[in-house]
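Let me begin by presenting the structure, written as structure tokens, before commenting on it.
Coordinate-derived values only; no laboratory data. On a predicted model such as this, the values are computed, not experimentally measured, just so you know. As a convention, Cβ positions derive from the backbone with ideal geometry for all residues, glycine included, and neighbour counts pool all protein chains shown.
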Amino acid sequence: MKYTPEQIGALVRKTRKDMGITQKNLALTSGTGLRFIIELEKGKPTCQIGKVLTVLQTLGIKLALTPPPYFLKKPPEKLSAKKSEEDKHGPDA
């Protein structure tokens, strides 16, 4: 399912209120600022993803990421011994 910033903000707000937590306390608990929480709950599309993930985790909201089907069907790449040595030591080593 695709979520919009507004839907994520609404979920954060509803969850926070259902838990009886103020915006200020959520900001303190999640290590963000009050202004960030207010903007997130309003659905600001440019909120920093790292902070959003932290707030979601603080509230116990789960986020699932699923790779596209073609990625799951693609066999893993096999590295040659030469490539592995370059990775360890760098191309000029």
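A few comments on the model shown:
- Theoretical FRET efficiency, 1/(1+(r/R0)^6), r = Cβ-Cβ of Ala64 and Glu39, R0 30 Å, to 0.05: 0.80
- Charge context of Thr15, other residues only, Cβ under 13 angstrom, K/R +1, D/E -1: +3
- Near the amide H of Thr32, within less than 5 Å, lie no amide hydrogens of residues on another chain or at least 5 residues away, with H placed in the peptide plane.
- As a calculated quantity, the FRET efficiency between Thr29 and Met1 at R0 = 22 Å, using C-beta atoms, amounts to about 0.25.
- Förster radius 22 Å - calculated FRET efficiency between Thr46 and Phe71 (Cβ-Cβ, nearest 0.05): 0.20
- Exposure proxy order (Cβ contacts within 10 Å, fewest to most) of Glu6, Glu41: Glu6, Glu41
- 13 Å beta-carbon shell around Asn25, net charge (K/R +1, D/E -1): +3
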